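Engineer: The structure under discussion is supplied below as structure tokens; questions concerning it will follow.
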Amino acid sequence: MTREETLDKLKEIVKPFIGDGVKFESLTEASDLINDLKINSAHVVDIVLDIETEFDIVIDDDSINDMNTIGSSVDVIIKMMP
Amino acid sequence: MVVNTSLDMDIKKLVRDNLPYRRPFLFVDSFDELSEDLAIGRYRYKEDEFFYTGHFPGNPITPGVILTETAAQIGLVGLGIYYLIKEEKVGQVVPLFSSAQVDFLLPVYPGEEVRVHSQKEYFRFNKLKCKVKMTNERGEKVCEGYLSGFMIEKS
């Protein structure tokens, strides 16, 4: 899976959790999940669980702390994938 | 804290006694079952609960928000405290209710006892999500839905 494909899949996972008034089109690798995309911090756990299911990986407590932006989340996913 | 987890009856009482709520906002009488994936408990609404005077005057009905709170105290916080007791962490962590999606099916009147059945969906990254179902004494479903919350370390 290329980085582009991983990014596209991640965007689809994140889409339903984006806050009111934030445009999906504005989402970039630099977007911060909580500060830019206005995602409820309680929903970050649900996003991570969806990521685990979609990519068939297990994300540990240390890795979730690195998933602040879309780009850093892609990095974690790529690192975890076999 | 010294905990003897081999005595099943004691842990149910211990969880009940370690819930952070007190009257008039404690809605747990006892737990019938507590395990890694399941919490079952009950509460009987007293005739003189504080909310009946206003909800509604002359026509007391248990508010949906109180049914939700009851389901959360038994199903979510009860299970969370059970985990904490197993890890000997009680007292250092505060439960935080983060989301509820609940359907209300039947009214609950003063004096009625309800039973909450809560099945763990997941407990990851300190977030506990449960599928809960509440029934009345006739075994009829009163409400059901999903509740989630966090266990936050006391600073």
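All of the numbers you see were taken from the coordinates with simple rules; none came from a lab. Fair warning: this is a prediction, and the values are worked out from it, not measured in the lab. Using ideal geometry, Cβ is built from the backbone for each residue, glycine included, and neighbour counts are taken over all protein chains shown.
Engineer: In the Gaussian network model of chain B, springs joining C-alpha atoms below 10 Å, which of B:A72, B:A39, B:A100 carries the largest mean-square fluctuation?
Structural biologist: The residue with the greatest mean-square fluctuation here is B:A100.
Engineer: In a shell of Cβ-Cβ distance under 13 Å around B:T53, excluding B:T53 itself, what net charge do Lys and Arg (+1) and Asp and Glu (-1) give?
Structural biologist: -2
Engineer: With springs only between Cα atoms under 10 Å apart, run a GNM on chain A and tell me which of A:E25, A:E12, A:E52 wobbles the most.
Structural biologist: Maximum fluctuation in the GNM of chain A, among the listed residues, is at A:E25.
Engineer: Given the range B:60-108, what whole percent of its Cα pairs are spread farther than 12 Å?
Structural biologist: Counting pairs separated by more than 12 Å, the tail of P(r) holds 68 percent.
Engineer: Follow-up question, since we're still on this one. Kindly flag which residue pairs out of A:K79/B:K120; A:K23/B:K127; B:K46/B:K141 have an alpha-carbon separation exceeding 26 Å in this structure.
Structural biologist: A:K79/B:K120; A:K23/B:K127, as the Cα separations exceed 26 Å there.
Engineer: How shielded is A:48-59 by partner chains, expressed as the average number of their Cβ atoms within 10 Å of its Cβ atoms?
Structural biologist: The mean count of partner-chain Cβ atoms within 10 Å per residue comes to 1.
Engineer: Return the calculated 222 nm mean residue ellipticity for chain A, to the nearest 500 deg cm²/dmol, obtained by summing -39500 (n - 2.57) across DSSP H runs with n ≥ 4 and dividing by the residue count.
Structural biologist: Mean residue ellipticity, 222 nm, calculated: -15500 deg cm²/dmol.
Engineer: In the neighborhood of B:D37, defined by Cβ-to-Cβ distances under 10 Å, what is the net charge if each Lys or Arg adds +1 and each Asp or Glu adds -1?
Structural biologist: Summing Lys and Arg as +1 and Asp and Glu as -1 gives -1.
Engineer: Mean 1/r over all different Cα pairs, inverted: what Kirkwood radius does the range A:3-80 give, in Å?
Structural biologist: When all Cα pairs of the range A:3-80 are included, the Kirkwood radius is 12.3 Å.
Engineer: Then there's this: Viscosity 1.567 mPa s, temperature 4 °C: Stokes-Einstein D of chain B from its Kirkwood Cα radius, in µm² per second?
Structural biologist: In µm²/s, the coefficient is 82.
Engineer: Then there is this: Whole-Hz Karplus ³J(HN,Hα) for the range B:136-152, in order, using 6.51 cos²θ - 1.76 cosθ + 1.60 and θ = phi - 60°, x for Gly and Pro?
Structural biologist: 8, 5, 8, x, 7, 6, 9, 7, 7, x, 10, 10, 9, x, 10, 9, 9
Engineer: Take A:S72, B:S35, A:S31, B:S118 and order them by how many other Cβ atoms sit within 10 Å, fewest up front.
Structural biologist: Going from least to most buried by this count: B:S35, A:S72, A:S31, B:S118.
Engineer: Counting pairs of alpha carbon atoms under 8 Å apart in space and at least six apart in sequence, what relative contact order in percent does the range A:3-80 give?
Structural biologist: 39
Engineer: Something else: Leaving out same-chain residues fewer than 8 places away, which lysines sit with a Cα under 20 Å from that of B:K13?
Structural biologist: Reachable lysines: B:K86, B:K89.
Engineer: Let me know the Kirkwood hydrodynamic radius for the protein assembly as shown, please, with Cα pairs as the basis and the value in Å to one decimal.
Structural biologist: 19.8
Engineer: Turning to a different aspect of this structure: Can you pull the mean other chain C-beta count within 10 Å for peptide A:30-43?
Structural biologist: Across A:30-43, the average partner-chain Cβ count within 10 Å equals 1.
Engineer: Taking θ = phi - 60°, what integer Hz values does the Karplus form 6.51 cos²θ - 1.76 cosθ + 1.60 yield along the range A:12-20, in sequence order, with x for Gly and Pro?
Structural biologist: The phi angles translate into 5, 5, 6, 2, x, 9, 5, x, 4 Hz.
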